[in-house]
Each structure stands twice: as C-alpha cells, then as structure tokens.
Amino acid sequence: MKLIREINFENKKVFLRVDFNVPLDEMGVVKDDTRIRAALPTVRYLLDAGAMLIVASHLGRPKGKYDPKLSLKPVAQRFQELLGQPVTLAPDVIGPEVERLKSQLKPGDIIVLENLRFHPGETANDEAFSRELASQIDVYVNDAFGASHRSHASVTGMVRFVPEKAAGFLMEKEITYLRKAIEDPEKPYVAILGGAKVSDKIPIIESLLDKADVILIGGAMAYTFFKAMGMEVGRSLVEMDQLEKAQTILKKAQAKGIGFHLPVDHVVTPSLTSESIPTIVESFPIPLEMIAADIGPKTITMFTSLINQAKTIFWNGPLGVFEIEAFSQGTMAIAKAIAASSAISIVGGGDSISALKKAGVTSQITHVSTGGGASLEFIAYGTLPGIEALE
Ligand code: AMP
C-alpha cells in the first residue's frame, strides 16, 4: 500500500475519499466536526503538493436518492471554515455539471461532491457508477478509515479505474495503531467489550481469544452469555439465537485459559427510563420483572483493577444504557479507568467516544479510532475492503 508521501501530486486531479459522516442538529448545523478536522492534514498536504482536489463522503443513509436534509452543504461550509479557503460544493456526485467542474479545476482548487449515497450505485458498488466517479481522476486517495469496512463504489469499486492510489495520513495512523494492537500488543492485553448485541461482535471476540490476555464483557451482551450458562436474567436483553455461539466462546476461553470476565453484580430496573429507581443485584437469579442496565459497583472495582494491570487496552461499546444518567456509571468509570492507565489505549465506536467526551478524558487516550465498525472489523480480520483495494 502506498502512502501519499510517495506520490507526486503536481497538477494531478485527486479523488479524496473522506469520512465526513458527522452528526447534524435539528437545524442542519454540524454538531461535532471531529471527523472534518481529522482529514485536514491530508487535505493540506495534497494542496501544498499541487493537487486539484475532488473531496467525497457519504452522510447518513439517504437510500440512493436526493434528500435535502442530508446534503453535504453544511459540511462543506464547516470544511471551508476550518480550512480557511473556499471550497465549491458540486450539485451532484456524477453527471455533466460535475464533469465540467472537474475539468475546470486548477492546482490548489477544491470541490466537494454531494452525498455519495444520493446514488444507489454507491452502496451497490455499481461498476458504471464507479467508472463515473473515476472519470478524469489521476490519483485516488482514501482517508476514510471509518467507511473502509464497506465495499462501496467510492471505497473499493472505483479504485481499479484510477491510475494511482494511496492512503492518507488518517488512514495511515489508524492502521499503525490498530495493527500494533493485533500484531504486537504489549502484555497484558485487556479488551473491554460492551454494547447491545453479541451477534455484531462474535468475530472480534473470536479473534481476541487468540490475542488478548483478559476479556471484560459488559453491556447487554453479557446477558446473552449468562443465559447461555443457564442463569435467570429476568427481562434483560438476550439474543436467543446466539446462545450456542456464546457457549462455544465460553468453552474456548476456558480452554485457552483466558481471563474472560462477566459482571459480578448488576444495576437492575423495571424499566429503561430516567424515572426508574435502580437497584443492585449481586447474584442470580435476576428477578423476573427486572432488566440489567449497567454493571454494578463490585464489577467496576474488579474491571478497574484488571485495567490497571494492562499494558495494552482495547475498548468498544458502552457497559450499560449510558444514555440514561442512572445507568451510565459503569461506562463512565471504565472510561476514566482507561484514561488513568499508562497502557497503550485504543478506543473505537461512536458510543465509547461520546462516553470519553462526557467523562472529559478523550485527550488521555492513546488512539481514539474514528471508525466504530471499521475498527472492530480491522481488529477481527487484520484488514478492511478499503485497505485491500489500495494494495
Ligand atoms: P452496540 O451498538 O451494540 O455497541 O450497542 C450500543 C447500545 O447498547 C447503547 O445504545 C446502549 O444503551 C446499549 N446497551 C448497553 N448496555 C445495555 C443493557 N444492559 N441493556 C440494554 N441496552 C444496553
């Protein structure tokens, strides 16, 4: 895989795939511009190197048709402000007007294409659409780590129709840190997984069974494991079709001698609302009418002491329903414990990133991955479709 430093960009038309899939508020204003900022080093480097830039991203899920609420207009505006130079928003992604704008570019100019997903060809990875994206382009640069687990036209499909290809700085940084966590982690390596669904995380748990020394499981996911062990979990969220998988993982962890830890106490509630008064349960059965919504204080103490011993930490997924204050303590405590640790810490996933922000500890993490699904897939498989396309 080539890096942008290895390519001459003088007078070249560069298609730069970025991940500007940022949250917008009700007024359509960018709420968090972290992802736009993250792409700036690559953008500036390419402009200084004499490139003409065609910047492209998806935003939300417009399902293949134009949706004014998901136009990249506010994003292009914020991008222009942060960059301190004018950028032109194209009226579309492909088509005659876009071809005209591309043909008129001069070195140092930037156009931003409209939302890639306004066209069904993007997610379908359609060949004709890919060819149109690649039209007039000399170099393809991928700096959209967070979108690189998708085999979409702008991530994989178009790459073969462009003469040269390379990874941007953000992509390089993500790969460097995440690769270290899978190939050469300093031990002990502690992985913390939470969130709602086990089914999403089976491949990563399986891969971690080979690499991590300790796996800490929180969130609703834990209750699928408890159910698989025959425990009564009340009304806690369980994926009934994953029980066998969960049993297999528990057996494998035991055979490998890995520290596979589930919560030892539980914050339970009759309903997942902010009015409910939570109570702590320290042993099974969890009462039939109760839902486990967070890890309890004993679990926090146990998980924290294991985190304190780690030299490498990977965290993805909240340990409880952290959107509700009463059930956010576990997630907050774990975020703070990871931040306080001197280990190399890698955190991925939108929920975990907002928990870090809420705890005010983002700057104390070694690497906060811009990709949620992408970081999980990279840890599980060691590569992503968007990276393969650059090879
Ligand atoms: P995921 O997308 O699988 O990482 O799941 C994230 C979601 O899991 C968050 O919205 C949390 O509210 C939710 N979650 C975490 N713990 C629990 C729990 N014990 N019960 C229900 N939902 C949970």
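The values are calculated or read from the model by the stated rules, or taken from the named source; none is laboratory data. This one's a predicted model, so the numbers in the text were calculated from it and none came from an experiment. Positions of Cβ are backbone-derived with ideal geometry, glycine not excepted, and every protein chain shown enters the neighbour counts. Areas reflect the complete protein model, heavy atoms only, side chains present, ligands, DNA and RNA absent. Shrake-Rupley method; radii C 1.70, N 1.55, O 1.52, S 1.80 Å.
The single residue among Thr123, Thr88 that is within 21 Å of the chain's Cα centre (by Cα) and surrounded by fewer than 23 Cβ atoms within 10 Å (Cβ to Cβ) turns out to be Thr123.
Scan segment 374-391 for residues that are closer than 19 Å to Phe322 by Cβ and either open to solvent by 20 Å² or more (accessible area, probe 1.4 Å) or of a type in the set (Phe, Trp, Tyr) (or both) and jot them down.
Leu376
Of everything listed in (1) in contact with a strand residue (DSSP E or B) (Cβ under 7 Å, 6 or more places away or on another chain); (2) at pLDDT below 95; (3) not small (Gly, Ala, Ser), the single unmet condition for Lys165 is (2).
Residues of segment 164-223 that are part of a helix (DSSP H, G or I), among the β-branched types (Val, Ile, Thr) and touching a residue at least 12 places away in the same chain (Cβ under 8 Å): Ile175, Ile182, Ile202, Ile204, Ile205.
Against the conditions (1) closer than 25 Å to Lys357 by Cα; (2) in a helix (DSSP H, G or I), Asp32 satisfies every one except (2).
In this structure, Gly371 does satisfy being part of a loop (DSSP other than H, G, I, E, B) and in contact with a helix residue (DSSP H, G or I) (Cβ under 9 Å, 6 or more places away or on another chain). In the set Glu26, Glu10, only one residue is in contact (Cβ under 8 Å) with a residue 60 or more places away in the chain, acidic (Asp, Glu), out of contact with any strand residue (DSSP E or B) (no Cβ under 7 Å at 6 or more places or on another chain) and farther than 22 Å from Ala389 by Cα; that residue is Glu10. One residue stands out among those in segment 159-202 that are touching a Lys or Arg at 6+ places or on another chain (Cβ under 9 Å) and among the basic types (Lys, Arg): the one that is farthest from Pro385 (Cα to Cα), which is Lys187. Criterion applied to Lys197, Lys180 was being closer than 24 Å to Gly320 by Cβ, among the charged types (D, E, K, R) and outside the structural domain of Val43 (by TED's automatic domain parsing), and the one residue passing it is Lys197. The one condition from (1) part of a strand (DSSP E or B); (2) more than 11 Å from the ligand (Cβ to nearest atom) that Lys357 does not meet is (1).
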